[in-house]
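First up is the structure itself, then whatever we jot down about it.
The values are calculated or read from the model by the stated rules, or taken from the named source; none is laboratory data. Keep in mind that what you see is a predicted model, and the values were worked out from it rather than measured. Glycine also receives a Cβ, built like all others from the backbone with ideal geometry; neighbour counts cover every protein chain displayed.
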Amino acid sequence: MRRRLSLLAGVATLGLTLAACGGGADNTPSDSSNAKDATGKVGVFTWWADGSEKAGLDALVKVFGTDFPNVTFDNLAVAGGAGSQAKSVLAAQLKAGNPPDSFQAHAGAELQDYIDADQLEDLSSFYKDNDLTAQFPKDLVDRLTVDGKIYSVPSNIHRANVVWANVEVLKAANVDPTKPAADLDAWFADMDKIKATGKIPLAVAGSWTQVQLFENILLSSLGTDGYNGLWDGKTDWKGADVTKAITAYEKALTYTNTDRDSLSDWAPATQLVQDGAAAYNVMGDWAEAKFAQDGDKPGVDYVYFPTPGTAGTFDFLADSFTLPKGAPNPAGAKAWLTTIGSAEGQTAFNKVKGSIPANTTAKTDDFSEYQKSAIKDFGQDKIVSSLAHGAAVPVAWLNDLSTAVSKFGGDKNVDGLQTSAAEIAAKFAK
Ligand code: BGC
């Protein structure tokens with residue numbers, strides 16, 4: 001991981017497009033509380049409200065309870081994958097001057113929003129006190145650093161370009177589960193075979209999962225540089241290659257379950273694959289946690305592979321925890337952040353969450369085969385920033401683009417989506 005991140009030193013497109021400096025002289029935090037003095041209740045806001053995500057949070061809370069027996073964890077989770085409900089609830093609370101003690105945010109552009117709005121405490125001294133800088137890869141720390149200050153503690157690294165597939169469904173359609181399609185055309189050909197057996201080729205759910213599918217098709221169709229260029233202005237949203245990518249997305253939608261908009265979240269779509277009703281689901285590797293929790297066996301019940309056409313690229317996102325300005329219990333928040341950043345906390349959490357630790361000293365010996373492969377891939381792949389999960393673009397850009405992608409699910413107007421996406425990019429690109 002260290003090696004790979006050092007190779008990334010010049011890659012602004014990680015999405016953590018933050019000015020990296022080695023720490024400034026004016027790092028005096030407005031908060032001087034200390035984790036070791038923490039008592040009382042610490043309110044932590046996430047969207048890990050149920051299923052395997054709640055199990056991950058519970059694993060973390062257990063370590064927290066051992067680390068800080070005098071502090072009570074107050075679970076402020078708001079259900080809705082990818083923060084689809086939580087982020088607007090949080091925005092309202094922050095606006096009303098009613099922040100939680102700590103909240104989950106995505107590393108990258110989304111976190112930058114909170115920093116720009118002056119809603120976060122500088123955690124530079126916290127990093128120093130806990131020797132965190134040495135435990136996280138230098139280039140990740142650099143990318144979380146803005147004007148010499150660092151404002152959050154990453155808990156994990158997830159991958160967004162993974163296909164999860166049902167072995168039996170593939171075999172019944174004469175599709176070899178051990179030989180994933182190399183590109184979108186080959187994948188669509190496999191989906192035709194699956195469709196002929198009466199199964200759903202590609203399971204997807206409501207809005208944000210469609211945005212994640214869209215992101216995967218853009219990445220596959222445009223390639224790594226073309227995809228990165230969508231966010232930094234180097235790729236023309238009005239270009240013919242984007243028309244081709246949106247047309248491929250339109251085709252992908254023809255293979256999906258028609259009730260997609262009524263599936264409330266990612267888990268019911270993944271469940272369709274687990275139940276053998278569908279062949280494939282493109283989902284972040286929190287799905288690995290669900291397969292594991294439900295007792296499904298990799299290689300036997302399900303297989304996973306990078307979305308066809310994206311092998312060698314790791315579509316990155318990271319959850320990161322903050323200390324908001326005006327938090328009721330800043331010492332309690334720092335206690336929480338101490339557990340989040342610790343090797344023990346990261347091992348316990350990530351093992352159950354399907355992700356990989358951001359802390360390079362965390363033990364991963366007993367992680368799943370999938371997670372070991374993700375650690376390896378993260379160490380050698382090109383890294384790009386997830387659109388649907390706050391790494392690539394600010395929340396306002398994502399919200400507008402999500403509306404356009406949802407509309408496209410109904411009208412299938414390629415030109416309409418392309419024009420809207422170009423206008424949105426022009427509005428928000430810096
Ligand atoms: C978060 C993951 C979470 C997923 C689904 C992502 O945005 O980063 O931690 O599991 O959404 O809710």
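When Gln271 is tested against (1) farther than 22 Å from Ala392 by Cβ; (2) within 16 Å of the ligand (Cβ to nearest atom); (3) buried (at least 24 other Cβ atoms within 10 Å of the Cβ); (4) not hydroxyl-bearing (Ser, Thr, Tyr), only condition (3) is not met. Scanning the range 368-407 for residues that are assigned to a loop (DSSP other than H, G, I, E, B) and of a type in the set (A, V, I, L, M) turns up Leu387, Ala388, Ala391, Ala392, Val393. All conditions but one from (1) closer than 29 Å to Gly295 by Cβ; (2) assigned to a helix (DSSP H, G or I); (3) more than 16 Å from the ligand (Cβ to nearest atom); (4) among the polar types (S, T, N, Q) apply to Gln418; the one that does not is (1).
Can you tell which of Ile424, Ile340 is among the β-branched types (Val, Ile, Thr) and under 19 Å from the mean Cα position of the chain (by Cα)? Just a single option satisfies the conditions, and that option is Ile340.
Tell me yes or no: at least one residue of the range 118-132 is surrounded by fewer than 23 Cβ atoms within 10 Å (Cβ to Cβ), within 21 Å of the chain's Cα centre (by Cα) and without any contact (Cβ under 8 Å) to a residue 40 or more places away in the chain. No - not one qualifying residue is present in the range 118-132.
Condition check ((1) within 15 Å of Ser152 (Cβ to Cβ); (2) touching a Pro at 6+ places or on another chain (Cβ under 9 Å); (3) buried (at least 18 other Cβ atoms within 10 Å of the Cβ)) across all residues:
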residue	(1), (2), (3)
Ser320	yes, yes, yes
Ala331	no, no, yes
Thr338	yes, no, yes
Gly341	yes, yes, yes
Phe349	no, yes, yes
Ile356	no, no, yes
Lys363	no, yes, no
Ala374	no, no, yes
Asp377	no, yes, yes
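Table: residues versus (1) at pLDDT 95 or above; (2) more than 13 Å from the ligand (Cβ to nearest atom); (3) crowded, with 18+ Cβ neighbours inside 10 Å; (4) not in a helix (DSSP H, G or I).
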position: Cys21; (1), (2), (3), (4): no, yes, no, yes
position: Phe64; (1), (2), (3), (4): yes, yes, yes, no
position: Phe73; (1), (2), (3), (4): yes, yes, yes, yes
position: Ala79; (1), (2), (3), (4): yes, no, no, yes
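Among the candidates Gly354, Gly409, the residue that is more than 16 Å from the ligand (Cβ to nearest atom) and not acidic (Asp, Glu) is uniquely Gly409.
Checked against the criterion of being without any contact (Cβ under 8 Å) to a residue 60 or more places away in the chain, away from the ligand (no atom under 16 Å from the Cβ) and in contact with a strand residue (DSSP E or B) (Cβ under 8 Å, 6 or more places away or on another chain), the candidates Thr364, Thr347 yield just one match: Thr364.
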